[in-house]
1. Going by C-beta contacts inside 10 Å, put A:59, A:205, A:141 in order with the fewest on the left.
2. Rank A:250, A:240, A:60 by mean-square fluctuation in a GNM of chain A with C-alpha springs under 10 angstrom and give only the top-ranked residue.
3. Using Cα atoms only, what is the angle between the long axis of helix B:265-275 and the major principal axis of chain B, expressed in degrees (0 to 90) to the nearest 10?
4. Can you pull a Stokes-Einstein diffusion coefficient for region B:143-288 at 10 °C (1.306 mPa s), Rh from Kirkwood over Cα pairs, as a whole number of µm²/s?
5. Averaged over A:56-69, how many beta carbons belonging to a partner chain fall within 10 Å of each residue's beta carbon?
6. Calculate the FRET efficiency for residue A:92 and residue A:60 from the Cβ-Cβ distance with a Förster distance of 30 Å, rounded to the nearest 0.05.
7. Have a look at B:237, B:109, B:82 and tell me which one the Gaussian network model of chain B (Cα, springs below 10 Å) gives the largest fluctuation.
8. Please state the equivalent ellipsoid semi-axes for region B:121-166: what are the square roots of 5 times the Cα gyration tensor eigenvalues, largest first, in whole Å?
C-alpha cells in the first residue's frame, strides 16, 4: 500500500480538531471521549486502507465501512466530509434540527454512509452479513467494522464474533476501540472484558493489538495477513478523550459540551504538534 | 372454499410453510439475489429444498436470531434480498430490535418469513406460540405485514413480497390451514377479499382463521344468521376505503384472529371503524390478553373458541 504516513497524521489531527470544534459549538454536547479515540482509525480507514469513491457512493465494489459505535459520528462525519462525501460545512450544523449529521447515524440523511447505527451491539452482525454477501459473489471488496469495547458486553456482538470465525470471513476486519471505558467508568469494573485477545482467538479470529493512536501501527495491522481464512480483529488501545489533556483517560469525557477556553487550549496543542 | 373455476393449484392442501418452501425455490431460480437464512430451523421453516438447490445462497446462523436478523441487513449491503426464516415468536421478539433498527429503520429489502404463527405449534405452549407478532410488526414504520390464509395465498404473497423494495413480514403456520383459495389470483397488497357476502354480520379474519370463519358462516346460516366473511391478509397496509365500503353494508362485525385481541387484526379494524365514524356493532375475538396453554392444535382451537363451533357461539352471544 502506497501510504503517506505524514499525510495521514495530518488528517487525523484535522479530524480531532473538527471533533473539538463540534463539541464546542453543538447544542447539548457530543460524545467527545469516544470520538477523540477514533480520529486515527477513521483517518487510516478513509484515506489509507479502504477502496472508496465519494463521487459514486453506490459503486458495487467499494469497501464497506460500518461504524457500529454510532455515537462516534462526529469522527466519521469529519472523515467522510474531508474525503469528499459531503461539504465540511455540514459539520457546523451538527445536531441542529433535521441536519445531515447528528449524534447517531441516520443513513437517510447522510450520503454515502452504509447503515444507520447508534444502538450498541448491532454493527458487527451487519458486517458479518455484508462479508457473507461479498463472498457469495466472489467479490474482492472488504468489510471494515469499528466497534466499541462497551458493546462487547452485548450478547449479540458475541453471536457475530462466533459466526465470523465459524464462516471463516477473511474479508472482514473489525477494529475495537479499546479505550477502557463505558459511560459509567472502567469496563473492567462494569463488566470484565479481559482477556480480550484470548477470547477473540478462541472465537477463531486473527488478533493484533496496536496503539490506536499510532498511524503506522494501525496501517501495519490492516496490512497483516490473517492467515487460515480467519477474520481479523484489531484491538486498538486508545485513550478516551485523547487531545483534551484535562479529560484524557476519564469516564467524564464520555459526553459533554466543551467550553470555548478549554477547546481553544486543546486546539492550540494540536496546532503546535503540526 | 372460494370457487375460482380453474384447474386447481398443486399447492392446494399444503401447509402455508410448505407452500413457501416450494415457492422460494422457484423464485430463487429466477432471481439470483435471493438468499435464505435460518437459525437452526431449516426443516421447520421448509428451507431444505432451497439449501439443496442453492447451498451457496443459504446461511444457517445456528441458534442466534439476533445475529441472523442483523446479518440479513448486512446482506443487503451486498445487493442481496435475504429471507429471514424462523418461528414467529423468535423473529418478532428475540430479534425485535435488529428487525426494527437494522432492517426497518434503514428501509432494507429483508423478507421476514415466520412459520409457527399463532397457536399453530399447539403442544409447544406459550414459549413457542406467537400471539403478539402481528402487533409488534404492525407498529414498525415501513413494515408491510402479510398473513396468508392458506397455501395458495402464501405463494401469491411471497411473490408480491419479493417485488416490494422494503421490508416485509409474512406470518405462516405449522399446521395445514383449511383451503380458501384453489388458484393463484391477481393479488394486490392492502386489498381485502370478500369471500362470502352476508347481511347480519361480517366476520373479518386473517391467516388460518379465514377458513375457520368460512365454516362458522356455514354453521351460522343453519341457525338463520347470514354472515359475510372478509379476508384481510394485508394487515399493513390496509386499503381503508375498500374496507369501509364493505363495512357500511353490515350492522355488526366480529374480527377473528389467532393473536392477542390487543394490537392485531381486531385493533386494525377498530381503528378504521373509529376514524370513519361508522355506526356498527363491533367486537374482537381472539386471545383475550392471556398467555396460551399447550395441547394439540385442534383442542386449542376448540378451547379458545376459534373453531367454527366456537366462533358460532361467540357470534350468537354477540348478537343476542
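1. So the residues, fewest neighbours to most, are A:59, A:141, A:205.
2. A:60
3. Its long axis makes an angle of about 60 degrees.
4. Approximately 104 µm²/s, per Stokes-Einstein.
5. The shielding value for this peptide is 1.
6. 0.35
7. Looking only at B:237, B:109, B:82, the largest GNM fluctuation is found for B:237.
8. 23, 17, 7
Throughout, read-outs are computed from the coordinates displayed, never taken from laboratory work. If you're wondering where the values come from, they're calculated on a predicted model, not measured in any experiment. Cβ: placed from backbone, ideal geometry, glycine included. Neighbour counts: every protein chain shown.
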